[in-house]
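The values are calculated or read from the model by the stated rules, or taken from the named source; none is laboratory data. Because the structure is predicted, anything quoted here is derived from the model rather than measured. Please note: Cβ atoms are built from the backbone with ideal geometry, for glycine as well, and neighbour counts cover all protein chains shown.
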Amino acid sequence: MAGTITEKILDRHIIEGEKKVGAEVALHIDNTLTQDATGTMAYLQFEAIGIDRVQTEFSVSFVDHNTLQSDFKNADDHRFLQSIAQRYGIYFSRPGNGICHQVFLERFAKPGNTLIGSDSHTPTAGGIGCFAMGAGGLDVACAMAGAPFRIKYPQIVGIHLTGKLSPWVSAKDVILEVLRRIDVKGGVGKVLEYFGEGVKTLSVTDRATITNMGTETGCTTSIFPSDEITRAFLKSQGREDQWIELLPDENAEYDEIIEIDLSYLEPMVALPHSPGNVTTVREAGRIKVDQVAIGSCTNSSLRDLKVVANALKGKTICSDLHVTVSPGSRQVVEHLIESGEYRDLVRAGVRILENACGPCIGMGCAPNSGGVSVRTFNRNFKGRSGTADAEVYLVSPEVAVATAITGYLTDPRELGEFPNFSMPEKFFINDNMIIKPLPEEEAKKVQIIRGPNIAPLPTFEPIGDTLSGKVLIKVEDNITTDHIMPAGAKILPLRSNIPEISKHVFEAIDSKFYQKAKGNNGGFIVGGDNYGQGSSREHAALAPKYLGVKAVIVKSFARIHLANLINFGIVPLTFVNPDDYSTIDEMDELEINIGDLLDECILYNKTKGNKIRLTHSLSRLDAEILKTGGKLPWIKNSIRKEMKDE
């Protein structure tokens with residue numbers, strides 16, 4: 001038996017490939033989740049595959065992102081998603097039930113299972129011992145159709161926790177410390193596996209905060225043991241029968257070990273504009289703040305909001321700012337109402353928002369012009385809040401509530417004694433906002449509802465051996481999917497309409513990108529390191545493909561975006577010599593002979609008259625998918641072949 005938790009789960013789920021770091025392995029996927037911003041496209045793709053019912057143990061569709069209904073678009077998408085779920089055997093969490101990751105942790109996540117979700121923070125379920133990964137919607141659609149999910153076998157980094165957190169220091173400070181050490185690309189190709197005596201001092205929701213924001217390191221996933229604390233959590237949710245013990249062996253061997261003594265941690269903050277730009281609150285100093293936003297899938301659990309409510313009890317928020325709270329689920333809201341802590345939030349002057357993603361995805365509560373917003377969220381990319389010149393700081397609920405009281409970024413230890421509160425032994429369980437799958441024969445009778453904003457899927461031709469065109473844009477390091485395909489209240493409702501949403505590609509960086517792409521019949525994107533970090537949104541690949549982008553040439557890629565480029569037939573290439581990046585300029589005319597994509601390629605810059613060596617990390621299967629025109633036509637061909645062989 002292998003020693004680490006990661007190995008134990010992967011050993012049970014690998015159906016193809018060699019268990020060797022960097023080698024491609026195919027995993028059987030037990031469960032999937034989607035949310036409405038990415039799910040509509042994922043289900044259109046699932047329909048196109050032609051499978052009559054999902055093939056997973058169970059799959060869940062959530063509505064938690066596009067809940068701001070300023071016109072018909074989001075409402076139409078929600079009706080489509082509900083009818084799709086009924087037609088194909090999927091659980092449906094209705095609008096208002098809660099944030100997908102919080103609700104999945106409470107009601108669905110199982111230790112030892114594999115999960116992929118069309119949201120990059122799907123690793124939240126790693127807090128319960130689930131091997132959970134973010135993925136593009138097409139990968140999720142394929143998993144629902146029974147296809148395996150392919151990853152590079154990861155390095156396993158053991159994060160050894162000792163000691164115990166001090167009062168006013170919490171799980172958010174643990175993951176901010178990890179980010180301080182390894183930054184936003186230090187986890188690429190790795191699983192962060194937590195172990196040690198310190199683990200026993202953390203609740204399941206504490207652990208989920210850490211695994212949720214582990215995504216910002218670029219890691220494949222993060223995971224905690226499933227132990228007696230996990231068992232108690234599942235029992236409190238009426239799911240103790242789903243518990244299994246899952247611990248690392250005493251002789252478990254890790255590729256690398258990071259030591260963290262929880263006792264020495266203090267309140268931390270990620271400064272603008274990167275989750276990896278971390279320092280202590282004490283060192284950051286007293287920064288005047290305009291807004292405090294508490295919630296998101298990182299910090300919207302009952303424990304986190306109890307801290308906030310009890311710290312605010314009998315107080316009023318500072319008159320120089322406004323404060324919002326977005327609870328993670330209806331279950332959290334119900335407990336806050338029952339305990340009277342909801343009243344404490346209201347009396348203190350907090351704006352209580354819907355239990356949905358809200359401000360985290362730029363869906364409302366944008367800061368004022370040039371404003372400073374302190375948030376318990378997981379991302380502070382420039383412009384993500386909805387205000388281009390805002391400065392966003394990422395903190396724990398403890399730091400957020402201290403800041404709400406003083407009006408300045410504040411070390412919460414200045415507030416004095418940590419508030420006392422109790423957690424329920426048994427949570428309120430009410431699943432009436434989760435619609436269960438219909439029996440198969442009844443499901444076949446369901447009519448799928450489509451609004452006028454749901455456009456047909458675009459189709460793409462197979463790519464040839466030679467790619468030619470102009471460089472449409474050249475970007476720097478750490479370009480996020482928010483830069484490529486913005487979110488927010490204006491653009492998110494267009495997720496099911498590729499022709500319309502494609503007009504917004506790169507608009508935050510270059511407002512002329514759409515016109516350049518259309519006017520030049522597509523072309524190339526050139527970028528630096530860690531291109532495509534952040535959200536799993538496949539639209540950051542699908543919309544550029546629709547505009548004719550043929551290849552993306554960079555120094556290095558983020559994992560999920562790399563997979564999405566392959567899925568939609570955009571060739572992902574990297575410089576053999578990173579210094580060659582500086583020799584290419586926007587509007588240079590390029591020609592690349594890619595051949596069968598099994599070897600290095602040569603880029604000929606016709607404008608400059610020089611040649612550049614390019615390479616890639618593509619497997620033979622990746623190359624086949626690309627040459628076919630993307631994963632959707634490839635999997636449809638594969639299914640037809642299987643049916644013919646049978």
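The selection criterion, being crowded, with 24+ Cβ neighbours inside 10 Å and closer than 23 Å to LYS185 by Cα, holds for GLY127.
Residues of segment 499-540 that are of a type in the set (A, V, I, L, M), in contact with a Phe, Trp or Tyr (Cβ under 8 Å, 6 or more places away or on another chain) and over 24 Å from PRO359 (Cα atoms): VAL526 alone. Of everything in segment 388-410 that's surrounded by fewer than 21 Cβ atoms within 10 Å (Cβ to Cβ) and part of a loop (DSSP other than H, G, I, E, B), which residue is modelled with the highest pLDDT? Looking at the filtered set, the residue picked out is GLY407.
Of the numbered criteria (1) under 29 Å from ALA558 (Cα atoms); (2) modelled with pLDDT of 95 or more, the one HIS483 fails is (2).
Note on segment 311-334: among residues that are assigned to a loop (DSSP other than H, G, I, E, B) and under 12 Å from ALA348 (Cα atoms), the one that is farthest from the chain's Cα centre (by Cα) is GLY314. Of the residues making up segment 411-432, just one is in a helix (DSSP H, G or I) and among the hydrophobic types (A, V, I, L, M, F, W, C), namely LEU415.
Which of the following residues is assigned by TED's automatic domain parsing to the domain that holds HIS273, closer than 13 Å to VAL292 by Cα and at pLDDT below 95: ALA366, ALA356?
Going through ALA366, ALA356 in turn, the sole match is ALA366.
Is it the case that some residue within segment 152-164 is touching a His at 6+ places or on another chain (Cβ under 8 Å) and more than 22 Å from ALA489 (Cβ to Cβ)? Within segment 152-164 (the criterion being touching a His at 6+ places or on another chain (Cβ under 8 Å) and more than 22 Å from ALA489 (Cβ to Cβ)), the answer is no, since none of the residues qualifies. Counting only strands (runs of 3 or more DSSP E) that fall entirely inside segment 568-609 and contain at least 2 residues that are among the acidic types (Asp, Glu) and touching a residue at least 60 places away in the same chain (Cβ under 8 Å), the qualifying elements are 589-593.
Yes/no per residue for (1) out of contact with any helix residue (DSSP H, G or I) (no Cβ under 9 Å at 6 or more places or on another chain); (2) of a type in the set (Lys, Arg); (3) crowded, with 23+ Cβ neighbours inside 10 Å:
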residue: GLY451; (1), (2), (3): no, no, no
residue: ALA455; (1), (2), (3): no, no, no
residue: LEU472; (1), (2), (3): no, no, yes
residue: LYS490; (1), (2), (3): no, yes, no
residue: PRO493; (1), (2), (3): no, no, yes
residue: SER496; (1), (2), (3): no, no, yes
residue: PRO499; (1), (2), (3): no, no, no
residue: GLU507; (1), (2), (3): no, no, no
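Summed over segment 204-263, the residues that are more than 14 Å from LYS8 (Cβ to Cβ) and aliphatic (A, V, I, L, M) give a count of 11.
Please work out if GLU391 is free of Cβ contacts under 8 Å to residues at least 24 places away in the same chain and either under 26 Å from ILE175 (Cα atoms) or out of contact with any Cys (no Cβ under 7 Å at 6 or more places or on another chain) (or both).
So GLU391 fails the test.
In this entry, ALA252 passes the filter for residues that are hydrophobic (A, V, I, L, M, F, W, C) and either out of contact with any helix residue (DSSP H, G or I) (no Cβ under 9 Å at 6 or more places or on another chain) or in the same structural domain as PHE104 (by TED's automatic domain parsing) (or both).
The set of residues in segment 240-264 that are part of a loop (DSSP other than H, G, I, E, B) and in contact (Cβ under 8 Å) with a residue 12 or more places away in the chain comprises TRP243, ILE244, GLU245, LEU247, PRO248, ASP249, ASN251, ALA252, GLU253, TYR254, ASP255. Checking each residue in segment 32-59 for being crowded, with 24+ Cβ neighbours inside 10 Å and either touching a strand residue (DSSP E or B) at 6+ places or on another chain (Cβ under 6 Å) or without any contact (Cβ under 8 Å) to a residue 12 or more places away in the chain (or both) picks out THR32, LEU33, THR34, GLN35, GLY39, ALA42, SER59. Quick check on segment 134-151. Is at least one of its residues closer than 30 Å to ALA309 by Cβ, surrounded by 24 or more Cβ atoms within 10 Å (Cβ to Cβ) and of a type in the set (Asp, Glu)? Scanning segment 134-151, I find no residue that is closer than 30 Å to ALA309 by Cβ, surrounded by 24 or more Cβ atoms within 10 Å (Cβ to Cβ) and of a type in the set (Asp, Glu), so the answer is no. Being crowded, with 16+ Cβ neighbours inside 10 Å, within 22 Å of the chain's Cα centre (by Cα) and among the acidic types (Asp, Glu) is a property that GLU589 lacks.
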